[in-house]
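Here's the structure, in structure tokens; my notes come after.
The values are calculated or read from the model by the stated rules, or taken from the named source; none is laboratory data. Keep in mind that what you see is a predicted model, and the values were worked out from it rather than measured. Counting neighbours? That spans all protein chains shown, and the Cβs are built from the backbone with ideal geometry, glycine included.
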Number of protein chains: 2
Amino acid sequence: MTEETQKSQENSIFIGGKPFMNYVTGVVMQFSNGAEEVTVKARGKFISKGVDVAEVARRKFLEDKNVSVKNVSIASEEFENKEGKLVNVSVIEIILKKA
Amino acid sequence: MTEETQKSQENSIFIGGKPFMNYVTGVVMQFSNGAEEVTVKARGKFISKGVDVAEVARRKFLEDKNVSVKNVSIASEEFENKEGKLVNVSVIEIILKKA
């Protein structure tokens, strides 16, 4: 793993079932702590929430820091469900970057 | 409106509450009808569904056509809700392109 990869993994927020504002605060805090980039990652039904988190953080809390969307990517991941069957889930990664 | 813009609007699929496969079929049919690019658009809670539609269409139905994700963008749109209040909704646009 390169230093670059490690750095980007450190500055990731993975979206799950916790309250919406927890994730927004997480993104904002990473930038406040000096991160140049923060990646919001979400899978399946949490993708909509991930986009909302990135947009709310950017527009309402990071306007003065000039944070913009650097890149958005989507993909599919295969995983084994409870019944042992291989299923696909969509994933999104949104990279926010300080200008 | 430029010719380019018109063309891209013609080849758009807007995700809503209809059954999932309706939208997948819509994307596949546009490529079958000769489109070079198809844009999947979704707002708010339909964003996860939009990503799934793009991924399933690309992986399961368009593999032989070599369709890939050209670009993904996110943004916020302001609209007036039923109570007349201005609220924001996140939007996503996924551009699929024939290789």
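What are the residue pairs meeting all of these: first residue in the stretch B:67-81, first residue free of Cβ contacts under 8 Å to residues at least 40 places away in the same chain, second residue of a type in the set (Asp, Glu) and not in a strand (DSSP E or B), Cβ atoms under 7 Å, and 6 or more apart or on different chains?
That search, which allows pairs on different chains as well, returns B:74/A:55; B:76/A:55.
I'd like to know if the stretch B:57-74 contains one or more residues that are buried (at least 17 other Cβ atoms within 10 Å of the Cβ) and under 25 Å from residue A:59 (Cα atoms).
There is at least one residue in the stretch B:57-74 that is buried (at least 17 other Cβ atoms within 10 Å of the Cβ) and under 25 Å from residue A:59 (Cα atoms).
Suppose the filter is part of a helix (DSSP H, G or I) and touching a Gly at 6+ places or on another chain (Cβ under 7 Å); does residue B:31 pass it?
Values: part of a helix (DSSP H, G or I): yes; touching a Gly at 6+ places or on another chain (Cβ under 7 Å): no.
When the stated conditions are applied, residue B:31 does not pass them.
Taking the criterion of being in a strand (DSSP E or B) and within 13 Å of chain A (Cβ to nearest Cβ), would at least one residue in the stretch B:43-57 satisfy it? Give the derivation first.
The first filter runs over the stretch B:43-57 and keeps only residues in a strand (DSSP E or B), leaving B:43.
Within this subset, residues satisfying the condition of being within 13 Å of chain A (Cβ to nearest Cβ) are B:43.
Checking the stretch B:43-57: at least one residue is in a strand (DSSP E or B) and within 13 Å of chain A (Cβ to nearest Cβ).
State whether one or more residues within the stretch B:2-12 are among the β-branched types (Val, Ile, Thr) and under 27 Å from residue A:89 (Cβ atoms). Show your work before the answer.
Quick first cut of the stretch B:2-12, residues among the β-branched types (Val, Ile, Thr) only: B:2, B:5.
Retained after the next criterion (residues that are under 27 Å from residue A:89 (Cβ atoms)): none.
No: the stretch B:2-12 contains no residue that is among the β-branched types (Val, Ile, Thr) and under 27 Å from residue A:89 (Cβ atoms).
Quick one: count up the residues across the stretch A:45-76 that are modelled with pLDDT of 95 or more and of a type in the set (Asp, Glu).
2
Looking at the structure I just gave you, is residue B:11 among the polar types (S, T, N, Q) and away from every other protein chain (no Cβ under 13 Å)? Explain how you work it out, then say what you get.
On the way: among the polar types (S, T, N, Q): yes; away from every other protein chain (no Cβ under 13 Å): yes.
Yes.
Here are the criteria: (1) more than 12 Å from chain B (Cβ to nearest Cβ); (2) of a type in the set (Asp, Glu); (3) assigned to a strand (DSSP E or B). Tell me which single one residue A:83 does not satisfy.
Unmet for residue A:83, out of (1) more than 12 Å from chain B (Cβ to nearest Cβ); (2) of a type in the set (Asp, Glu); (3) assigned to a strand (DSSP E or B): (3).
Can you tell me which residue in the stretch B:1-29 is surrounded by the most Cβ atoms within 10 Å (Cβ to Cβ), limited to those that are modelled with pLDDT under 95 and in contact with a strand residue (DSSP E or B) (Cβ under 7 Å, 6 or more places away or on another chain)?
Filtering the stretch B:1-29 for residues that are modelled with pLDDT under 95 and in contact with a strand residue (DSSP E or B) (Cβ under 7 Å, 6 or more places away or on another chain), the one surrounded by the most Cβ atoms within 10 Å (Cβ to Cβ) comes out as B:11.
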